[in-house]
Amino acid sequence: MSEHGHQYIDGAFRRGTAGENHDIINPADGSLVVTADLAGPQDVDTAVAAAVRAQADWGRATPGERAGALNALAAAMNDRAEDYAQVETAQAGKPIKLSREFDVPGSIDNVSFYAGAARNLEGKASAEYDGTHTSLVRREPVGVVGSIAPWNYPLQMAVWKVLPAIAAGNTIVLKPAELTPLTSLMLAEDCTKAGIPDGVVNVLMGAGRVVGEALLTHPGVRMVSFTGSTPVGQRVMELASKTVKRVHLELGGKAPFVVFDDADLDAAIQGAVAGSLINSGQDCTAATRAYVQRPLYDAFVQGVADLMSTVRVGDPTDPSTDLGPLVSVRQRDSVAAYVDRARAYGAKILVGGQAPGGALAVGSYYEPTLVVDVAQDSEIVQQELFGPVLVVLPFDTDDEGIALANDTPFGLAASAWTRDIVRAMRASRDIAAGCVWINDHIPIVSDMPHGGYKASGFGKDLSQYSFDEYTQVKHVSIDITGDVRKDWHRTIFGDR
């Protein structure tokens, strides 16, 4: 891959024209994975031109032809699933069991789902709604999509961006995060192997301020899709507005984990530890704020502390490792600063609260951390940390628990824990989030939508709803009377 360059344009690897390189670092030990060349604005122009050329034919391919190509892509990815897992772990620091059992198979399943979605164009039934015209609805591609993906789930986020777009007949220019571009490039390579035409999927490895902004403002790009922080999402909207592009945003999260007093305590404890530590907490849907009704509060805190203390932090290539490093030293230091400030303001750190020493000190590790005795308006409760940190607060009434859950700018995901169907249904209705799990936290499936409320963005990933995001709806109206003079003409000239 590096021999030919780290840009994938028009079906081939190329070297970037920025004249700069970027070192991709293994966060587990600080070692060099690869030195990659960076793209510049000229590469954006080249990639968009390739996507424009390819879209004319790809957009007119039959749904069955596109589905066949996507099924071939799923098979190609499956053939080197272990390679994907190893590269994902090397560049992102994920425990290998997470890469093998979650990221890679989930991505392949998503490809297979969109192979089916390509053949399922939904719309209103054709009929004579006014009695004299047959109306029908067409779903057509938007055109060239410019997508920017984050570093926390490099392969999955690339798939979430690319697959619904190309299944609907669009072409795409994807900019993965500079920290973790390698599996996105593998995906593009496998698209070509699967018979997807050159130019349909293009990947540019470059800086956001250069490549990302050039992509967002390019006149040949008709839609932009971004996953990342809310402040950057605001900038994406601003830039996309200059050429009136369609915008799809999946932004930050601060997921509440609401435990009512009738919950299965052991299940809630297990769910809180798993939901807060997945991917070292670098997950926008991770459980970050646990609100526990007061009768269960003490037992919940003790149970989480005991279980969190057993989590195995270590080498992500070891199949027994539970928690790997954060993606970079910079990210680790950011998480540590949040915890240190909370401690300075009186918070109690019951577990963790520091970077481990010894052999792990060479990596960007941070210990699983449990925080209590914090105020609802404190930054550690209100702001997204993106690290293995869980804050626990008590509540008294059901109304208070739901109000606290809603008391941040975010609304991406949440969970509620109860054995009472009335409580469960009320929580699912009243918690303002794009996904509300009941008695679990984190599971996603290709068939169901993922996306936020409030400052967590708009638009959906996954499911048929995401496929629809990448189509534009056209109404076709066909006169069935054959009359030269239509009845409505009298409102403009003449009489009946």
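Throughout, read-outs are computed from the coordinates displayed, never taken from laboratory work. This structure is a prediction, so every number in the text was calculated from the model and none was measured. All Cβ positions, even for glycine, are placed from backbone atoms using ideal geometry, and neighbour counts span all protein chains on display.
Suppose every K and R has +1 on its Cβ and every D and E has -1 on its Cβ; what is the size of the dipole of the chain about the Cα centre, in Debye to the nearest 20?
1400
Scattering from the C-alpha atoms of the stretch 347-425 alone, worked out with Debye: what is log10 I(q)/I(0) at q = 0.11, 0.12, 0.26 1/Å?
So the normalised log intensities work out to -0.40, -0.47, -1.33.
Stick to the Cα atoms of the stretch 257-320, pair each with every other, and give me the Kirkwood hydrodynamic radius in Å at one decimal.
12.6
By count of other Cβ within 10 Å, fewest leading, how are SER364, SER241 ordered?
Least to most surrounded, the residues fall as SER241, SER364.
Quick one: the Cα spread of the stretch 255-438 along its three principal axes, in angstroms, biggest first?
50, 34, 30
With r defined as the distance between the Cβ atoms of ARG496 and PHE458 and R0 fixed at 56 Å, what FRET efficiency is calculated, to the nearest 0.05?
About 0.75, to the nearest 0.05.
Sequence-distant or interchain residues sharing an amide H contact under 5 Å with ASP318, placed H: which?
Under 5 Å from the amide H of ASP318: ILE96.
For the stretch 383-446, what is the Kirkwood estimate of the hydrodynamic radius, computed as the reciprocal of the mean inverse distance between distinct Cα atoms, to one decimal in Å?
12.8
Based on alpha-carbon centroids, what's the gap between the stretch 311-387 and the stretch 63-110 in Å, whole number please?
Between the Cα centre of the stretch 311-387 and that of the stretch 63-110, the gap is 29 Å.
Once the other residues with Cβ under 14 Å from the Cβ of LEU370 are scored (Lys, Arg +1; Asp, Glu -1), what is the net sum?
In short, -1.
Local charge sum around ASP79 (other residues, Cβ-Cβ under 14 Å, Lys/Arg +1, Asp/Glu -1)?
Its environment carries a net charge of -2.
Taking the Cα atoms of the stretch 134-261, what is the range of coordinates along each of the three principal axes, in descending order and whole Å?
The Cα atoms of the stretch 134-261 stretch 53, 46, 34 Å along the principal axes, largest first.
Of the listed values (i) 27.1; (ii) 23.2; (iii) 32.7, identify the label whose number matches mean projected area of the Cα convex hull in nm² calculated from this model.
Here mean projected area of the Cα convex hull in nm² agrees with entry (i).
Could you tell me the extents of the stretch 318-391's C-alpha atoms along the three principal axes, largest first, rounded to whole Å?
Computed over the stretch 318-391, the largest-to-smallest principal extents equal 39, 22, 19 Å.
So which chymotrypsin sites (Phe, Trp or Tyr not before Pro) in the stretch 61-140 are both in a DSSP loop and have at most 12 other Cβ atoms within 10 Å of their Cβ?
TYR129
Using a 10 angstrom Cβ neighbour count of at most 14 plus a DSSP loop assignment to flag exposed GluC sites (Glu not before Pro), which longest range of the chain is free of such sites?
129-496
Once every DSSP H run of n ≥ 4 in the chain is given -39500 (n - 2.57) and the sum is divided by its residues, what mean residue ellipticity at 222 nm do you get, rounded to the nearest 500 deg cm²/dmol?
-11000 deg cm²/dmol
How long are the three semi-axes of the equivalent ellipsoid for the stretch 5-135, computed from the Cα gyration tensor as the root of 5 times each eigenvalue, in whole Å, largest first?
Rounded to whole Å, the semi-axes are 38, 23, 13.
Using DSSP to call loops (not H, G, I, E or B), can you name the trypsin sites (Lys or Arg not before Pro) in the stretch 268-362 whose Cβ has at most 12 other Cβ atoms within 10 angstrom?
ARG312
Quick check: net charge around HIS441, other residues with Cβ under 14 Å of its Cβ, Lys/Arg +1 and Asp/Glu -1?
-1
Going Cα to Cα from LYS454, which lysines come in below 26 Å? Please leave out same-chain ones fewer than 8 positions away.
Qualifying lysines at Cα under 26 Å: LYS161, LYS175, LYS242, LYS245, LYS254.
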